[in-house]
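Take a look at the structure below.
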Amino acid sequence: MIVYVSVGLLALLSLSIPVGIVLFLLGIGIDTFFSPFPLIRGLGNLVWSSSNSATLIAIPFFVLLGEILVRSGVAARTYSALDRWVSWLPGGLVHANIATATMFSATSGSSVATAATVATVAMPQAERLGYDPKLFSGAIAAGGTLGIMIPPSINLIVYGFLTQSSIPQLFLAGLIPGIALALCFGLITVLICLVRPELGGDRRFFPFAVMLRALLDLIPILLLFAMIIGTIYNGWATPTEAAAVGVAGALAIAAAFGGVSLKMLEQSLLGTIKITSMIMLVVIGASFLNFTLASAGLGNELRQFLEGLGLSPLSFILVVVLIYVVLGFFIETLSLMVVTIPIIVPLVVEMGYDPIWFGILMIVLIEMALITPPVGLNLYVVQGARKDGTMAEVMLGALPYVLVMLVMAMALIAFPQIALFLPGAL
């Protein structure tokens with residue numbers, strides 16, 4: 001059955017069938033060939049139960065928040081302001097890509113939305129200033145991955161929903177690793193550009209007065225982040241309610257900058273509907289697939305296989321890391337999460353690991369999948385924003401940042417307190 005699921009998944013994805021539909025087709029196939037009971041009869045009830053959750057309402061709110069910031073021009077102002085502060089480093093404007101992605105991640109909750117935002121704003125600058133297309137576009141793709149690590153994160157909400165873990169604790173756990181990854185992205189960029197200065201373009205210096213004025217454009221994003229996270233950790237709002245508060249705050253900021261219009265609202269709502277529909281189709285399809293897998297006994301098969309290996313907890317977690325790295329080459333990230341969590345997480349917890357910690361480790365591995373071919377979504381998003389060049393350039397440019405993520409994954413395994421310090425302290 002494991003072979004059927006693996007081959008079937010890759011074969012259907014290679015036909016460019018939408019991921020959500022692929023998951024339903026696999027579930028129906030398992031029901032037909034491996035289950036003694038007609039599981040398809042429970043599909044209606046399963047669709048309702050898997051989508052009828054107040055926690056999942058946070059997803060369209062966070063997507064809408066990001067759409068408003070992009071389409072109102074707030075994201076472009078943020079990029080321009082950070083350009084004034086970080087472009088003096090070796091690598092120049094590449095650091096503005098990473099810094100903007102970091103700040104936007106603190107409000108959008110989506111890696112794809114973050115990468116699309118920064119790519120749309122930054123790519124014209126790269127072409128105008130003559131930056132190396134590989135490093136410049138690779139940094140955008142990598143910076144975009146921070147959208148699912150730095151809170152609020154849609155993927156962390158899905159993980160908390162599927163594992164019944166505390167979403168506020170997951171948000172706290174992702175903060176230090178997310179910021180550390182952003183700093184490491186900047187560090188590897190500096191090292192690359194010290195060795196190969198021609199890759200980074202010209203370093204740009206601005207008068208201190210100009211830098212101070214640029215801070216005014218950063219204040220709205222910082223206030224929005226404080227509003228969302230503050231209402232959660234002060235106990236004033238659930239993550240879902242905080243997302244709604246964030247949407248109201250984003251509208252207020254857009255209005256203050258004169259970016260609110262009927263067309264902007266229409267585009268933001270339409271974009272939200274498209275992205276949310278895609279996410280929910282994947283979540284519901286994966287729920288049906290997991291239901292059929294469990295009913296057909298695949299979970300027990302995998303459990304027996306892993307337990308039969310007789311691995312120590314450390315060896316086990318390294319095998320899990322390897323599984324996610326390999327699967328990340330071929331499976332879309334959200335699908336990878338919702339398909340594997342019901343099988344892997346119980347085994348991880350049995351081995352004595354904290355589910356909050358493992359959630360952050362999984363997100364790092366999922367981030368790697370976003371920028372590794374052939375299915376890395378951020379690679380396609382960034383390539384789509386370019387006027388010319390090849391996909392291979394984006395892939396090569398993202399490679400150093402993949403190595404940084406792998407180092408971060410190993411650091412989380414060696415020092416779990418990187419993720420668990422803030423949840424334990426607060």
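Every number in this text was worked out from the coordinates using simple rules, so none of it is lab data. Source: prediction; values computed, not measured. Backbone-built Cβ (ideal geometry, glycine too); neighbour counts: all protein chains shown.
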Out of Leu170, Val339, Leu216 - ranked by how far each Cα lies towards the positive end of the dipole of the chain, with unit charges on the beta-carbon of charged residues - the top one is Leu216
For segment 171-231 and segment 310-372, compute the distance between their C-alpha centroids and round to whole Å. 29 Å
Calculate how steeply helix 239-256 sits against the longest principal axis of the alpha-carbon atoms of the chain, using the helix alpha-carbon long axis, and give the answer as 0 to 90 degrees to the nearest 10. 30 degrees
Helical mean residue ellipticity (222 nm; -39500 (n - 2.57) per DSSP H run of 4+; nearest 500) of the chain: -26000 deg cm²/dmol
Can you pull the percent of Cα pairs in segment 25-137 with separation above 22 Å? 52 percent
Whole percent per 10 Å bin, from 0 to the bin with the longest distance: what is P(r) over all C-alpha pairs of the chain? 5, 22, 32, 26, 12, 3, 0, 0
Hz values of 3J(HN,Hα) by residue in segment 205-219 - Karplus curve (6.51, -1.76, 1.60), Gly and Pro given as x: 10, 10, x, 4, 5, 5, 5, 5, 5, 5, 4, 4, 7, 8, 4
Would you please give the residues with an amide H less than 5 Å from that of Gly200, counting only those at least 5 places away or on a separate chain, with H modeled from the backbone geometry? none
Hey, what angle do you get for helix 298-308 against the long axis of the chain, alpha-carbon based, 0 to 90 degrees rounded to 10? 90 degrees
Cut-off 20 Å (backbone N to label point 7 Å along Cα→Cβ of Val7), residues of segment 291-319: 293, 296-299, 301-302
For segment 51-198, what are the per-bin percents of Cα-Cα distances with bins 5 Å wide, up to the bin holding the maximum? 2, 11, 19, 21, 18, 13, 8, 5, 3, 1, 0
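Given segment 147-298, what whole percent of its Cα pairs are spread farther than 24 Å?
Values: 6521 of 11476 pairs.
Cα-Cα pairs in segment 147-298 separated by more than 24 Å: 57 percent.
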Wrap a convex hull around the Cα atoms of segment 22-66, take a quarter of its surface area, and give that in square nanometres. 4.2 nm²
Choose one answer from Val94, Val382, Val210: the residue with the largest mean-square fluctuation in a GNM of the chain with alpha-carbon springs under 10 Å. Val210
At q = 0.12, 0.15, 0.21 Å⁻¹, the log10 of I(q)/I(0) for segment 37-92 from a Debye sum over equal Cα scatterers comes to -0.57, -0.67, -0.86
Between helix 93-108 and the chain: long-axis angle, C-alpha atoms, 0 to 90°, nearest 10: 50 degrees
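What is the Cα convex hull volume of segment 309-426 when expressed per residue in Å³? All intermediate terms of the calculation are to be shown ahead of the outcome.
Numbers: hull volume 13.8 nm³, N = 118.
Roughly 117 Å³ of hull volume per residue.
Find me the longest stretch of the chain that has none of the exposed chymotrypsin sites (Phe, Trp or Tyr not before Pro), where exposed means in a DSSP loop (not H, G, I, E or B) with at most 12 other Cβ atoms within 10 Å.
With a cap of 12 other Cβ atoms within 10 Å, the longest stretch comes to 1-204.
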Using θ = phi - 60° and the Karplus relation 6.51 cos²θ - 1.76 cosθ + 1.60, list the HN-Hα couplings for segment 122-128 in order, rounded to whole Hz, with x at every Gly or Pro. 8, 4, x, 5, 4, 5, 6
Expressed in nanometres to one decimal, the distance between label points 7 Å along Cα→Cβ at Ser53 and Ser277 is 2.2 nm
Could you work out the relative contact order of the chain? I mean the mean sequence separation of Cα pairs under 8 Å and 6+ apart, divided by the number of residues, in percent. 27 percent
Mark the label point 7 Å from the Cα of Gln417 along Cα→Cβ and return the residues of segment 153-191 whose backbone N is within less than 18 Å of it. 173-178, 180
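How big is the Rg/Rh ratio for segment 288-337, C-alpha atoms only, Rh by Kirkwood, two decimals? Working shown, then result.
Working: Rg = 12.5 Å, Rh = 12.3 Å.
My calculation of the ratio gives 1.02.
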Ranked by GNM mean-square fluctuation in the chain (Cα springs under 10 Å), the top entry among Pro355, Pro373, Pro207 is Pro207
I want to verify a result. In a Gaussian network model of the chain, Cα cutoff 10 Å, which of these has the top mean-square fluctuation: Gly230, Gly27, Gly352? Gly352
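What are the semi-axes of the equivalent ellipsoid for segment 146-188, taken as the square roots of 5 times the Cα gyration tensor eigenvalues, largest first, in whole Å?
Values: eigenvalues 101, 16, 8 Å².
They are 22, 9, 6 Å, listed largest first.
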